[in-house]
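Below is one structure, written out as C-alpha cells, with a few remarks after it.
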Amino acid sequence: MFMQSPPVERLLESLRRLPGVGRKSAERYALHLLTLPPEISEEFSAALIAARRAIGWCPLCKNLTDIMPCAICQDPKRDCTTICVVERPTAVLAIEKGGGYRGLYHVLHGVINPLEGIGPEALQIDTLIERVQKNDVKEVIIATNTTAEGEVTALYLAKRMAEFGIQATRIAHGVPMGGGLEYADDVTLLRALEGRLPL
Ligand SMILES: [Zn+2]
C-alpha cells in the first residue's frame with residue numbers, strides 16, 4: 001500500500017510532530033496533501049521552509065522574531081524594568097493581544113519537569129539571570145502556566161530572583177488551574193497580570 005512507502009512514512013512522521021496530531025489525523029492530512037495539485041503541495045513546503053528560515057530567537061527575550069532584537073525589545077516605549085516570564089511564544093501572543101501589558105518578556109521554552117528529565121539548565125533561565133543582572137530590572141512577573149510543572153518552575157525562578165534582590169511576582173486571579181495561558185481570554189489575562197502577588 002502506498003501509505004507504507006518510505007516517503008509517505010516520512011511525511012506521516014513529520015505531521016505527527018504537530019500538537020494534537022496523532023496517527024489518524026496525520027494520515028488524513030497526508031492524504032489531503034498528496035491529493036492536492038503538485039504545485040500547491042510544493043508551495044506548502046516552500047512556505048514552511050521560507051518562514052522557518054526567516055524566523056529565529058530574539059537574542060534578548062528568546063521570543064520568535066524576524067528582526068534582531070525583536071520589535072518588543074527594540075520598542076523604546078516599553079518599560080524595561082519589568083520582565084514577564086512565560087513558557088512559550090504563544091503566551092506572549094496571548095498577553096500582547098490584550099494590549100494592557102507594557103513591560104518586556106522572557107520566553108523559557110518549556111518548564112521544569114523532573115519526570116521528563118527537564119531541569120532548569122535545559123530552559124532559558126541562565127539568559128534570564130544574565131538579563132536581570134545586566135539591566136535595571138525591578139520586577140519579574142512569572143506567568144508560567146498554572147500546571148504542577150508551571151508552579152514548580154515559578155517557585156524555582158522566585159528563589160533565583162531573590163538571590164539577585166529582584167522582586168518576583170506571580171500572576172494570580174482568573175487563570176484557570178491546569179490551564180494554558182493561551183486559552184484564557186484577554187480580560188482574564190489582564191486581570192491576572194494586574195492581580196499578581198509576591199512569591
Ligand atoms: Zn526580544
Subset of region 102-131 that is part of a helix (DSSP H, G or I) and more than 16 Å from the ligand (Cβ to nearest atom) - its residue that is most open to solvent (accessible area, probe 1.4 Å)
Leu115
State which residue is nearest to the chain's Cα centre (by Cα) when the search covers only region 89-98 and only residues that are open to solvent by 40 Å² or more (accessible area, probe 1.4 Å) and within 14 Å of the ligand (Cβ to nearest atom).
Leu93
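For (1) within 14 Å of the ligand (Cβ to nearest atom); (2) in contact with a Leu (Cβ under 8 Å, 6 or more places away or on another chain), each residue gets a yes or a no:
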{"position": "Phe44", "(1), (2)": "no, yes"}
{"position": "Arg52", "(1), (2)": "no, no"}
{"position": "Asn63", "(1), (2)": "yes, no"}
{"position": "Asp75", "(1), (2)": "yes, no"}
{"position": "Arg78", "(1), (2)": "yes, yes"}
{"position": "Glu87", "(1), (2)": "no, yes"}
{"position": "Gly100", "(1), (2)": "no, yes"}
For residues that are part of a helix (DSSP H, G or I) and open to solvent by 20 Å² or more (accessible area, probe 1.4 Å), scanning just region 135-152, find the one that is nearest to Arg102 (Cα to Cα).
Glu151
Any residue at all in region 4-23 that's within 13 Å of the ligand (Cβ to nearest atom), charged (D, E, K, R) and more than 26 Å from Thr146 (Cβ to Cβ)?
no
The number of residues in region 1-56 that are among the small types (Gly, Ala, Ser) and over 28 Å from Arg88 (Cα atoms) is 2
Given the criteria out of contact with any helix residue (DSSP H, G or I) (no Cβ under 8 Å at 6 or more places or on another chain) and in the same structural domain as Val152 (by TED's automatic domain parsing), does Pro120 qualify?
no
Any pair with Cβ under 9 angstrom, 6 or more apart, that starts in region 63-84 at a residue that is over 21 Å from Glu139 (Cα atoms) and ends at one that is of a type in the set (Val, Ile, Thr) and part of a loop (DSSP other than H, G, I, E, B)
Leu64/Ile55; Thr65/Ile55; Asp66/Ile55
Report, by residue number, each residue of region 39-75 that is open to solvent by 90 Å² or more (accessible area, probe 1.4 Å) and assigned to a helix (DSSP H, G or I).
Glu39, Glu42, Glu43, Phe44, Leu48, Arg52, Arg53, Gln74
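The values are calculated or read from the model by the stated rules, or taken from the named source; none is laboratory data. Remember, it's a predicted structure, so these values are computed and weren't measured experimentally. For neighbour counting, all protein chains shown are included, and Cβ atoms are generated from backbone atoms with ideal geometry for every residue, glycine included. Note: accessible area is taken over every heavy atom of the protein model, side chains too, but ligands, DNA and RNA are not part of it. Shrake-Rupley method; radii C 1.70, N 1.55, O 1.52, S 1.80 Å.
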